[in-house]
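A short worksheet on the structure shown next.
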Amino acid sequence: MGNWVENEGLSIFVVLVWLGLNVFLFWWYYLVYDVPPKFFYTRVLLGRALALARAPAACLNFNCMLILLPVCRNLLSFLRGSSACCSTRIRRQLDRNLTFHKMVAWMIALHTAIHTIAHLFNVEWSVQARVEEKGTLAAVLSGLGDKPNESYVNFFRQTIENPIGGLYVAFTYLAGITGVVITLALILIITSSTKTIRRSYFEVFWYTHHLFVIFFIGLVIHGAGRIVRGQTAESLAEHNPEICYKNFSQWGKNEACPIPQFSGNPPMTWKWVVGPMFLYLCERLVRFWRSQQKVVITKVVIHPFKTIELQMMKKGFKMEVGQYVFVKCPAVSKLEWHPFTLTSAPEEDYFSIHIRIVGDWTEGLFNACGCDKQEFQEAWKLPKIAVDGPFGTASEDVFSYETVMLVGAGIGVTPFASVLKSVWYKYCHDATNLKLKKIYFYWLCRDTHAFEWFADLLQSLEAQIQERNNADFLSYNIYLTGWDETQATHFVVHHEEEKDVITGLKQKTLYGRPNWENEFKMIAGNHPGSRIGVFLCGPEGLADTLNKQSISNSEADPRGVHFIFNKENF
């Protein structure tokens, strides 16, 4: 059970605490509005819909307080890098920041739906009470405030029947207008955040996600109209609603039941979100400051498989293996930032990223760097680049294990380029203090050209390790998952050669996909009683497979072998 929790990303404890707080807040605030006499007369007008609107509002405040924290990347990187306050287990939770961000977003959507539906009933009944025939308690309550020295409980002061009255509330009252705006903003944010939109139309995702600014402004001022009203404490001391409601026709005539007085609830949302909003503002200021620092592109390398490599330098830039940066190219877009894993090692005097050309922005960067031209591009003609980061990821923990499995799919091999380069540098100098003793490296690609840019690094590492008489340190398996008949014939003809026909490595390329169950069992047998880190940068389907294998091949005995699954999230 413990290993299942460890591998399922966010720990069960974190999820249960978060869900428990949501349940507690919902139930607590439901009772606050459904039981006390303060809202007795408000309940006469609105019924249970009052509590059903206010309870999810409290949960919305709580989750809107949380939603910005997982995307404060500089704060998370600081916490992740602070060994004094951040253990390995906590760092693993920080690495699931986007998973938690998405969970909180769906919870916000759920409570927004409940809150909105409940308020639709509240508005309908409030409007209806104003035009109701005289002589009922609801009509008397709705008429309060029409005379001097009276305060109203029904926020709707006009006498317009539904549905016009409901539309009047939605588009003339502050609560109505802001409610419509923030609901529309939330719908656009969530619908544009689907995997299909993010992958195929990243710009749509990027721009609509910034509607969060409008969402939070609307959220903070949504309650300023104070439309939810309850009886004042002074009035409750003179007028007991549970007794006086029976004699509503005698209010003001009977000393025991004076006319009740009401006041609106003060806005509370700002108290929940002001802290995270301040932290996020600081986050954006740090990002802006970083984006103004000069970045020099020292080299642009065109690799096969529509991939380019940018080598850059920036004053004071320090990185660890597996980290990522956000990149903006004003010549392509003045607003868009895109995340890329660093492929250089900390030991190098530059930092680099590999970019596969798959969309409008990457195509624009490709052309801006002159990669579409045949002639040599002068350095001064290269576009200006802004870089924010680096930020920590799960791959930073590679050197915390004695044995690791590194699994990359296609361009997903980039974080492990940084890891393997760093290993190569350590072996070139002194690897005696290296805790990492064994690497199992797997790379899955559909096209033979994709291997070319990475094969040189593997060849250098292979030669260096053999030179140090430690050939067992690195076991790598490269899988080609797509080929045609002509290629297959060529592979068969050259299969007996000393070096692989595709990569030039001594280790032959394998065809098809790995049998992960066999791979995990083999590694578990080779390293009994070990904690083995499993690191993936690849698609969700492969992540699910490796996660399940990590769980099923880990032993219940704490002294047995345990596979710890880690996935890149950015």
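Residues that are on the phi < 0 side of the Ramachandran plot, at pLDDT 75 or above and touching a Phe, Trp or Tyr at 6+ places or on another chain (Cβ under 8 Å): does the stretch 445-465 have at least one?
Checked the stretch 445-465: at least one residue is on the phi < 0 side of the Ramachandran plot, at pLDDT 75 or above and touching a Phe, Trp or Tyr at 6+ places or on another chain (Cβ under 8 Å).
Please indicate, with yes or no, whether at least one residue in the stretch 291-309 is closer than 30 Å to Thr232 by Cβ, buried (at least 17 other Cβ atoms within 10 Å of the Cβ) and either among the polar types (S, T, N, Q) or free of Cβ contacts under 8 Å to residues at least 24 places away in the same chain (or both).
No: zero hits.
For the stretch 376-384, state whether one or more residues are over 23 Å from Phe473 (Cβ atoms), modelled with pLDDT of 75 or more and open to solvent by less than 40 Å² (accessible area, probe 1.4 Å).
Yes, there is a match, as at least one residue in the stretch 376-384 is over 23 Å from Phe473 (Cβ atoms), modelled with pLDDT of 75 or more and open to solvent by less than 40 Å² (accessible area, probe 1.4 Å).
Just name the residue that is most open to solvent (accessible area, probe 1.4 Å) out of those in the stretch 201-230 that are outside any helix (DSSP H, G or I) and either at pLDDT 90 or above or closer than 30 Å to Lys38 by Cα (or both).
The qualifying residue most open to solvent (accessible area, probe 1.4 Å) is Arg226.
Restricting to the stretch 349-362, and then to whatever is touching a Phe, Trp or Tyr at 6+ places or on another chain (Cβ under 8 Å) and not in a strand (DSSP E or B), can you tell me which residue is nearest to Ser200 (Cα to Cα)?
Within the stretch 349-362, the match that is nearest to Ser200 (Cα to Cα) is Gly359.
Tell me, please, whether a residue that is within 21 Å of Leu45 (Cα to Cα) and assigned to a loop (DSSP other than H, G, I, E, B) can be found in the stretch 175-197.
No, the conditions are met nowhere in the stretch 175-197.
Could you tell me whether any residue of the stretch 159-166 is in a helix (DSSP H, G or I), surrounded by 15 or more Cβ atoms within 10 Å (Cβ to Cβ), touching a Lys or Arg at 6+ places or on another chain (Cβ under 9 Å) and at pLDDT below 90?
Within the stretch 159-166, one or more residues are in a helix (DSSP H, G or I), surrounded by 15 or more Cβ atoms within 10 Å (Cβ to Cβ), touching a Lys or Arg at 6+ places or on another chain (Cβ under 9 Å) and at pLDDT below 90.
In the stretch 329-382, what count of residues is obtained for those that are among the acidic types (Asp, Glu) and farther than 24 Å from Ile197 by Cβ?
Counting residues in the stretch 329-382 that are among the acidic types (Asp, Glu) and farther than 24 Å from Ile197 by Cβ gives 6.
Answer yes or no: is there a residue in the stretch 303-323 that is touching a Gly at 6+ places or on another chain (Cβ under 7 Å), within 13 Å of Ala417 (Cα to Cα), part of a strand (DSSP E or B) and not assigned by the TED database to the domain that holds Ser400.
Looking through the stretch 303-323, none of the residues is touching a Gly at 6+ places or on another chain (Cβ under 7 Å), within 13 Å of Ala417 (Cα to Cα), part of a strand (DSSP E or B) and not assigned by the TED database to the domain that holds Ser400.
Output yes when any residue across the stretch 342-350 is under 19 Å from Lys384 (Cβ atoms) and surrounded by fewer than 21 Cβ atoms within 10 Å (Cβ to Cβ), and no when none is.
yes
Kindly list, by first and then second residue, each pair from a residue in the stretch 124-140 that is assigned to a loop (DSSP other than H, G, I, E, B) to a residue that is open to solvent by less than 50 Å² (accessible area, probe 1.4 Å), limited to pairs with Cβ atoms under 6 Å and residues at least 6 apart or on different chains.
Glu132/Ala138; Glu132/Ala139
With open to solvent by 20 Å² or more (accessible area, probe 1.4 Å) and under 25 Å from the mean Cα position of the chain (by Cα) as the only criterion, which of Gly359, Gly389 stands out?
Gly359
Kindly provide the set of residues from the stretch 528-568 that are assigned to a loop (DSSP other than H, G, I, E, B) and crowded, with 16+ Cβ neighbours inside 10 Å, ordered by number.
Within the stretch 528-568, Ser530, Gly538, Asn553, Ser554, Val561, Glu568 meet the criteria.
Quick check on Asp95: is it of a type in the set (Asp, Glu) and either open to solvent by 40 Å² or more (accessible area, probe 1.4 Å) or at pLDDT 85 or above (or both)?
Spelling it out, it is not the case that Asp95 is of a type in the set (Asp, Glu) and either open to solvent by 40 Å² or more (accessible area, probe 1.4 Å) or at pLDDT 85 or above (or both).
Say we look at the stretch 110-158 and pick out the residues that are hydroxyl-bearing (Ser, Thr, Tyr) and open to solvent by 10 Å² or more (accessible area, probe 1.4 Å); which of these is nearest to Ala58 (Cα to Cα)?
The qualifying residue nearest to Ala58 (Cα to Cα) is Thr112.
Of Leu66, Leu60, Leu52, Leu75, which residue is of a type in the set (A, V, I, L, M), assigned to a helix (DSSP H, G or I), within 29 Å of Ile214 (Cβ to Cβ) and at pLDDT below 90?
Every option except Leu75 fails the conditions.
Which residues, taken from the stretch 165-186, are of a type outside the set (Val, Ile, Thr) and within 17 Å of Ile227 (Cα to Cα)?
Gly165, Gly166, Leu167, Tyr168, Ala170, Phe171, Tyr173, Leu174, Ala175, Gly176, Gly179
Only one residue in Ala256, Ala233 is loosely packed, with under 15 Cβ neighbours inside 10 Å and at pLDDT 90 or above, so which one is that?
Matching residue, one of Ala256, Ala233: Ala233.
Would you check if Gly370 is more than 18 Å from Val423 (Cα to Cα), part of a loop (DSSP other than H, G, I, E, B) and modelled with pLDDT under 85?
It is true that Gly370 is more than 18 Å from Val423 (Cα to Cα), part of a loop (DSSP other than H, G, I, E, B) and modelled with pLDDT under 85.
The values are calculated or read from the model by the stated rules, or taken from the named source; none is laboratory data. Quantities reported herein were computed from a predicted structural model and do not represent experimental measurements. Heads up, the Cβs are rebuilt from the backbone with ideal geometry, glycines too, and the neighbour counts pull from every protein chain shown. When the accessible area is computed, the model is the full protein with side chains, heavy atoms only, and any ligands, DNA or RNA have been set aside. Shrake-Rupley method; radii C 1.70, N 1.55, O 1.52, S 1.80 Å.
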